[in-house]
Structure formats: C-alpha cells, structure tokens
Amino acid sequence: MRALVTGGAGFIGSHLVDALLARGWEVVALDNLFTGRRSNVAHLADEPRFRLVEGDVCDARLVEELTCGCDVVFHLAAVVGVTHVIANPLAAMRTNVLGTENVLAAAYRHRVRVCVASSSEVYGQSEQVPFVEDGPRVLGPTWIPRWSYATAKALDEHLCFAYRDQGLEVSVVRYFNAYGPRTDPQGYGSVVARFVNQALSAEPLTVLGDGQQTRSFTYVSDSVEGTILAGTMPAALGEVLNLGSEEEITIEHLALEVIALTGSRSRLTYVPYEAAYGADFAEPRRRAPDGSKARRLIGFEPRVSLRDGLRRTIEWFRG
Ligand SMILES: NC(=O)c1ccc[n+]([C@@H]2O[C@H](COP(=O)([O-])OP(=O)(O)OC[C@H]3O[C@@H](n4cnc5c(N)ncnc54)[C@H](O)[C@@H]3O)[C@@H](O)[C@H]2O)c1
C-alpha cells in the first residue's frame with residue numbers, strides 16, 4: 001500500500017508516517033515545515049519506503065503529482081493552533097480550505113481514497129456534551145479570528161461530502177486534543193506541551209481563565225490508530241468520526257496532574273483569556289467526544305490512559 005501524508009512532518013502526521021511504515025506501507029510526506037519539523041522524521045533518513053517532499057499543499061500541481069499512484073491520502077496539513085490562526089487568519093484559511101480542495105480534487109481525479117483531518121473545534125461552543133457527530137455546532141461571530149479555524153475545518157467537511165456525492169471515497173476524522181512526543185516544544189497549540197515544559201523548568205503553570213474548562217486528551221498513538229482505521233475500513237467511507245478519549249478533565253486538574261507526575265515545585269498561575277489572546281477571545285467551556293460511532297463503525301477504542309500518556313510525554317520532554 002502506498003500513502004501520501006500531507007502534514008507528514010508535523011506532530012500527528014509524523015506518528016502516522018511511522019505507524020504506516022511499521023505496517024509495511026510506502027509513504028510520501030508532503031510538508032512545508034511551517035510547524036512541522038525535519039527532526040520529526042529524521043529517524044527515517046535511511047528508510048527506502050519513505051520520502052519527505054518539502055512543498056505547499058496549496059500547490060495543486062505538486063499535490064496532483066504526489067497523489068497519483070497512491071492508495072490513500074491522509075490529509076493532515078493545516079495551519080494549526082490558536083496562536084498561528086490569530087496571527088495570520090488569512091494564510092490559515094487559505095491553507096485550511098484551498099489545501100483541502102486541492103487534495104480532494106486530485107484524489108477525485110485519480111480515484112484515490114482520502115482521510116481528512118478535521119477537529120473537535122467544529123462543535124464550537126455547543127453545550128451538548130459529549131459531542132455526537134450529528135449534533136449541533138455553535139460558533140461565535142465571524143469577526144473573531146479564532147472561529148475561522150473551526151469554520152475552515154467545517155467547510156473542509158462540506159467539501160468532503162460534496163466530493164463523496166460525486167463518487168470520491170472519503171472519510172473525516174475529528175481529533176480531540178492529541179498529545180504526546182513531538183508536540184511543539186514551544187507549546188503552541190498544546191496545553192499539555194506548555195504545562196510539561198513549565199513544570200520541568202520549575203516555572204508557574206499558566207492556566208487560562210478559571211481552569212474549570214474541560215477537555216479530553218488523546219494520546220497520539222490512539223489518534224493515529226483511529227486515523228488508519230478510518231482511512232482504510234469500508235465502514236468509515238462517507239462518514240465523520242470523533243477520534244478522542246472520552247475521559248474529560250478540567251485544565252486545572254491537568255496542570256496538577258502534570259506537576260504530580262514531574263515531581264515539580266511549580267505552582268499554578270491563572271491568566272485571563274483576554275490577557276493571552278485579546279478581548280474578543282471566546283473559548284468552549286466543555287469539550288468531550290461521544291465515541292460510540294467510531295467504536296461501532298471501525299472498532300476504535302483509545303487504549304492509553306491520560307496518566308500513562310502524560311508519563312510518556314514527560315519522558316520525551318526530559319530527553
Ligand atoms: N493535535 C490536535 O489535537 C488536533 C486536534 C484537532 C485537529 N487536528 C488536525 O490534525 C492535523 C495535524 O495537526 P497536528 O496537531 O499534527 O499539527 P501540526 O502543526 O504539527 O501539523 C500540521 C502540519 O501541516 C504542515 N503544513 C502547514 N501548512 C502547510 C502547507 N501549506 N503545505 C504543506 N504542509 C503544511 C505543518 O508544517 C505541519 O507539519 C491538522 O489538520 C489539524 O487541524 C489536530
């Protein structure tokens with residue numbers, strides 16, 4: 001089997017590349033190294049079944065060329081993380097919408113199956129938690145850049161369905177806070193990475209808001225396993241699937257857990273959202289998936305507990 005992994009030098013993408021290679025696939029990764037890093041795939045330098053192409057997913061010709069001859073395209077390339085999206089919403093939207101259109105159009109022309117990475121962000125501030133795939137989406141006003149990411153991902157999903165109706169074999173996965181080794185060490189886009197860094201350097205852990213907002217954290221090997229199932233199993237065709245742990249915890253609790261597991265002397269410091277992201281910022285209060293659809297259709301079940309996943313992540317950061 002041969003795969004194209006867009007965003008393959010990124011956090012989830014590079015783990016997906018490893019998992020596909022371990023299953024005997026040939027893999028090409030397309031990445032412009034915006035947030036991806038060569039070091040994420042440096043261990044594959046001598047792997048003949050792997051190739052990293054440095055390029056832009058908005059380059060339609062390149063995407064077309066790399067798609068041709070593949071069995072599956074896993075489309076993960078995106079501008080990710082609130083900080084990047086707020087810093088340059090236009091560039092983020094271009095990549096996150098045009099890039100996806102390019103991938104879907106090329107896959108459609110070459111009759112290649114696609115699995116597209118979407119996000120729990122599409123549920124926005126819906127209060128119907130846990131989120132069910134066919135549940136409501138509640139997004140804030142369009143002049144708040146933060147919502148452009150969720151809107152772009154939702155438009156990606158609409159594009160997937162439009163192509164599905166033309167005959168494309170496509171599945172969509174909605175990730176819920178993946179974490180693990182290779183998350184951005186600066187902590188952009190990952191509260192786990194930020195907390196672990198702060199705890200290991202004995203700095204205060206910056207908890208946004210009152211810390212009572214909840215999230216569910218999914219260890220990256222689980223996100224990757226679900227992605228491969230969604231990209232290969234017939235039952236996932238034409239479907240959107242939540243891929244996430246159903247264990248929901250408050251951010252304050254997560255911070256305390258990281259302190260306990262690192263043995264750090266750090267304390268918590270509470271920072272208002274406005275101070276971190278500006279006056280217009282809005283954040284979903286609770287976020288957790290209903291995993292029953294993924295369980296039923298593809299047998300997806302996260303295996304790594306939060307404590308084990310945090311231990312492995314802390315180990316990597318120490319290294
Ligand atoms: N990590 C999570 O918890 C999470 C949650 C929801 C959705 N997602 C989605 O999963 C996918 C992977 O995210 P990640 O967490 O690994 O983040 P990441 O930033 O590590 O991965 C994104 C990759 O896309 C690459 N990229 C960005 N713009 C590009 C372009 N124009 N052309 C080619 N490559 C480009 C980046 O360099 C990076 O390697 C993204 O689509 C993201 O939206 C992730």
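Laboratory data are not the source of any read-out in this text; all were calculated from the coordinates shown. If you're wondering where the values come from, they're calculated on a predicted model, not measured in any experiment. Positions of Cβ are backbone-derived with ideal geometry, glycine not excepted, and every protein chain shown enters the neighbour counts.
Data overview
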{"quantity": "Those residues of the stretch 57-74 whose amide nitrogen sits under 13 Å from the label point placed on ARG109, 7 Å along Cα→Cβ", "calculated": "59-69"}
{"quantity": "Sites ARG2 and THR83 - FRET efficiency at Förster radius 35 Å, r taken between beta-carbons, to 0.05", "calculated": "0.50"}
{"quantity": "Sequence of TRP316, TRP143 once ranked by neighbouring C-beta atoms within 10 Å, starting from the fewest", "calculated": "TRP143, TRP316"}
{"quantity": "Angle between the chain longest axis and helix 191-200 axis [Cα atoms, degrees, rounded to 10]", "calculated": "50"}
{"quantity": "Only Lys, Arg (+1) and Asp, Glu (-1) charged, at Cβ; the stretch 1-81 dipole about Cα centre in debye", "calculated": "160"}
{"quantity": "For TYR175, distant residues with modelled amide H under 5 Å away", "calculated": "SER118, SER119, SER120, LEU243"}
{"quantity": "LEU21-ALA279 pseudo-label distance in nm [points 7 Å out on the Cα-to-Cβ vector]", "calculated": "5.0"}
{"quantity": "Pairwise label distance in nanometres, ARG267 with ALA91, each label 7 Å out on the Cα-Cβ vector", "calculated": "3.8"}
{"quantity": "Net charge of neighbours whose Cβ lies under 14 Å from the Cβ of ALA60, counting Lys and Arg as +1 and Asp and Glu as -1", "calculated": "-2"}
{"quantity": "Candidates PRO302, PRO48, PRO272, ranked by Gaussian network fluctuation over the chain, Cα under 10 Å, top entry", "calculated": "PRO48"}
{"quantity": "Unit charges at the beta carbon, dipole of the stretch 1-100: most positive-side option, PRO48, CYS68, ASN32", "calculated": "ASN32"}
{"quantity": "Net length gained if the chain between ARG37 and GLU203 were fully extended (0.36 nm per residue, minus Cα distance)", "calculated": "57.2 nm"}
{"quantity": "For a label point 7 Å along the Cα-to-beta-carbon line of ASP134, residues of the stretch 210-252 with backbone N under 12 Å", "calculated": "240"}
{"quantity": "GNM flexibility winner over the chain from VAL220, VAL129, VAL170 (Cα, springs under 10 Å)", "calculated": "VAL129"}
{"quantity": "The stretch 61-149 - percent relative contact order, Cα under 8 Å, separation 6 or more", "calculated": "34"}
{"quantity": "Contact order relative to length of the chain, as percent, for alpha carbon pairs under 8 angstrom and 6 or more apart", "calculated": "18"}
{"quantity": "P(r) weight above 27 Å for the chain, C-alpha pairs, percent", "calculated": "40"}
